[in-house]
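The values are calculated or read from the model by the stated rules, or taken from the named source; none is laboratory data. From a predicted model like this one, the values you see are computed outputs, not experimental measurements. Every residue, glycine as well, gets a Cβ built from its backbone with ideal geometry; the counts of neighbours run over all protein chains shown.
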Amino acid sequence: MPNRLRDAASTYLRQHADNPVDWFMWNEEAFDLARKLDRPILLSVGYSACHWCHVMAHESFEDAAVAEVLNRAFVSVKLDREERPDVDDAYMTAVQLTSGRGGWPMTVFLTPDLKPFFAGTYFPKEDRGGRIGFLNLCRQVEEVWRARRQDVEATADDLAERIRQANASALPPMAALSAVELARRCLGALEDDFDEVAGGFGNAPKFPPHSALRFLRELAADGRFTAEERASADKMRTETLRKIADGGIHDHVGGGFHRYSTDATWHLPHFEKMLYDNALLLEEFAASAKEEVVFAVARDGIVRWLEREIRAGNGAFCAALDADSLDADGHPEEGAFYTWPFDEAVKATSVDFATCYRILPDGNFRDEATGQPMPVNVLHRDAPHQAADGADFAALLDLRSSRPRPTLDDKCLTGWNGLMIRALVTAGRADHAWAAAQPFLAHIEKLPRMLVRGEPHGAAYLEDFAALALGLLACAQHLPPSEREQALAAATQLADQIELRFEDPSGGFFSTQSEHGELFGRTKPIFDAPIPSANALAAELFHLLGRRQTVGRAISWASGWMHRAPTATEAMHTAALLARSQTVEARIADGKLLLKIPTGWSIELAEPKPEASGIEVEWEQSGQEGNDWSFAIAADTGGAAWVRLAICDDTVCTPPQQIECQRAAKM
């Protein structure tokens, strides 16, 4: 009989609706019951596309013996980390503090007042390889809760205080260091960690380094750095993108990219496909598509995949495709949808195709857990890209379409859609981007965390407000005047709400608003995770809106962490570089308005038309030399003056920003 999760908005929760475990959602009903029965809470956190979440579900949560213990001794709560990232972050801190690592599924035992006293990740059902099994663990926790309650309470109090301290930790600003000096430190750290052979940074497992790629792109184009520094940044970025595009992490048949590679060479992926990964990779491949054909192929493949497999009926994009699907025998298997037996692949294509994409008779794939060779193949290339016969890929795609499909997580997360909206604009698909924005614009007055089958659920977080606003700004320059005005107005409204609901007057932004409540204090996210930190997204947004004081406070607050942990804060380094490099300077001299604009940008003279106060500017009478523009002044009061204008590069136009005019000193 289905449990309480059958009516959940989250696909992940609904996946557990038929478990024999008496699951609750994260809500007061569960907490009240735990207090009433004086039972500990088992909190199990995961997400729909997570392979090891499915493994633990099949081994433990579908098992009657496990369910008997959980239903007798605990109040069991199932949580989707993507629906409530604040709760996930709080208890992941507990996992990291106690074990030194993290991951999903996350398994945490709480007191009825929500303090953790034991935290871990995946547990097999039975004891195995020196690791305690989940069934044994639950029985031990039940006994400890009964016999050593004071010890449990003391542990919970201590761990809760350590989480509060971790959330409140701050470093003094590095006022003596400029954005360029901080960025040089970050560049050096990336150079030390760069994999010269396989691209990317560090060893296995390898995740696409989204924030590093963007940072390196901006630094490579920034004239404040030496030619050697810019060349180094460009090399690391280009080689990493090329290796990712050639690797098995790339779905060469259907387009798009898997979550990460379990090896160091991008060959052996975990097969879930996440919207945010593909948004951030689309941004980078699209920005470099003119440089190499492999980048254009990757860009176009992502766009086709979006349209074919993950766009919702309302125009927005769903969150993810599962790693697992049913194999030929009807058993759930990770990668079953994406891997190829040799005979099947060669029959549909050719031996030459098999050679190019390293398809081997005995398979080229290995099981992650055991390292054992598997008789299936993941397509990847060892040689530079060559134009493949589209008919081969079409044949494989047609063959794959008859297989059982991975589960689609149908929630449309606001922030992830914002990232994709901006990426689609960079990819030249502003039409798709603007269509994806429409469902969220309908809820702009009370922005939700997500839309599920068109209905809003949950309160939005900082990342949702900031990412959606950035997407709307990117769209604006490609829209007709009335829609451009709508996009700019909505982005400005979201920015106003960020300042009202999330800003810390001392600098930076909190991740949550009042509707989310507080567990162990409000956090200000500074470290990049799979997506850029929400504070970096907000800082970039306020830079584009010309709110320099807000940007300055945010970057000053972050600068201590930027210095201490440069490769965990690349997105904020990017925001700091942009905030300085895109400043417009205005000066009045000899009856002319003189404007200095950033390299690679131009002044928008058409719509919205520039304005001025204190001076009357002949905007049609202009001269330009490099980054310097001059305009004739028809009338001048001689007092304080300002101009309001927008500047544009190849990907975005800033909203009109007001700039105070400095007057040349009189001789």
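Taken over segment 378-404, the residue count meeting the criterion of being among the hydrophobic types (A, V, I, L, M, F, W, C) and modelled with pLDDT of 90 or more is 8. Of the set (1) more than 30 Å from E218 (Cα to Cα); (2) not in a loop (DSSP other than H, G, I, E, B), all apply to E126 but (2). Among the residues examined, L578 does not qualify as in contact (Cβ under 8 Å) with a residue 40 or more places away in the chain, over 26 Å from E485 (Cα atoms) and not in a loop (DSSP other than H, G, I, E, B). Scan segment 280-295 for residues that are assigned to a helix (DSSP H, G or I) and crowded, with 18+ Cβ neighbours inside 10 Å and the total you get is 10.
Just one residue in the set G363, G371 is out of contact with any His (no Cβ under 6 Å at 6 or more places or on another chain), modelled with pLDDT under 90, assigned to a loop (DSSP other than H, G, I, E, B) and not β-branched (V, I, T); that residue is G371. Taking each residue of segment 103-132 that is without any contact (Cβ under 8 Å) to a residue 12 or more places away in the chain and looking for partners that are surrounded by 21 or more Cβ atoms within 10 Å (Cβ to Cβ) and assigned to a loop (DSSP other than H, G, I, E, B) with beta-carbon atoms closer than 9 Å, six or more apart or interchain, yields R131/F123; I132/F123.
Condition first: polar (S, T, N, Q), at pLDDT 90 or above and more than 30 Å from D89 (Cα to Cα). Can you find one or more residues in segment 494-517 that meet it? Checking segment 494-517: not a single residue is polar (S, T, N, Q), at pLDDT 90 or above and more than 30 Å from D89 (Cα to Cα).
Of all residues assigned to segment 58-67, none qualifies as being of a type in the set (G, A, S), surrounded by 23 or more Cβ atoms within 10 Å (Cβ to Cβ) and in contact with a strand residue (DSSP E or B) (Cβ under 6 Å, 6 or more places away or on another chain).
Candidates D382, D362, D410: the one that is without any contact (Cβ under 8 Å) to a residue 40 or more places away in the chain and not small (G, A, S) is D362. Counting the residues of segment 61-111 that are part of a loop (DSSP other than H, G, I, E, B) and over 24 Å from Q513 (Cα atoms) gives 10.
For segment 4-60, residues that are farther than 19 Å from G458 by Cβ and part of a helix (DSSP H, G or I) total 16. Within the option set L399, L379, being buried (at least 19 other Cβ atoms within 10 Å of the Cβ) and either of a type in the set (S, T, N, Q) or outside the structural domain of G458 (by TED's automatic domain parsing) (or both) holds for one residue only, L379.
So if I check each of T492, T426, which one is of a type in the set (S, T, Y), within 20 Å of A287 (Cα to Cα) and either more than 22 Å from the chain's Cα centre (by Cα) or not assigned by TED's automatic domain parsing to the domain that holds T11 (or both)?
Of T492, T426, the one residue that is of a type in the set (S, T, Y), within 20 Å of A287 (Cα to Cα) and either more than 22 Å from the chain's Cα centre (by Cα) or not assigned by TED's automatic domain parsing to the domain that holds T11 (or both) is T426.
Would you mind stating whether H270 is at pLDDT below 95, under 18 Å from the mean Cα position of the chain (by Cα) and either surrounded by 19 or more Cβ atoms within 10 Å (Cβ to Cβ) or closer than 30 Å to S178 by Cβ (or both)? Criteria met by H270. Residues of segment 141-190 that are under 30 Å from K235 (Cα atoms) and surrounded by 15 or more Cβ atoms within 10 Å (Cβ to Cβ): M174, L177, A179, V180, L182, A183, R184, R185, C186, L187, A189, L190. When D263 is tested against (1) in contact with a helix residue (DSSP H, G or I) (Cβ under 8 Å, 6 or more places away or on another chain); (2) part of a loop (DSSP other than H, G, I, E, B), just one condition goes unmet, and that condition is (1).
Among the candidates T550, T574, which residue alone is under 16 Å from the mean Cα position of the chain (by Cα) and surrounded by 19 or more Cβ atoms within 10 Å (Cβ to Cβ)? Even if it seems obvious, please write down each step before you answer.
Values: T550 fails: under 16 Å from the mean Cα position of the chain (by Cα).
Within the list T550, T574, the selection yields T574.
Of all residues in segment 472-485, those that are modelled with pLDDT under 90 have Cβ atoms under 8 Å from Cβ atoms of residues that are part of a loop (DSSP other than H, G, I, E, B), 6 or more apart or on another chain, in Q477/V652; P481/E607.
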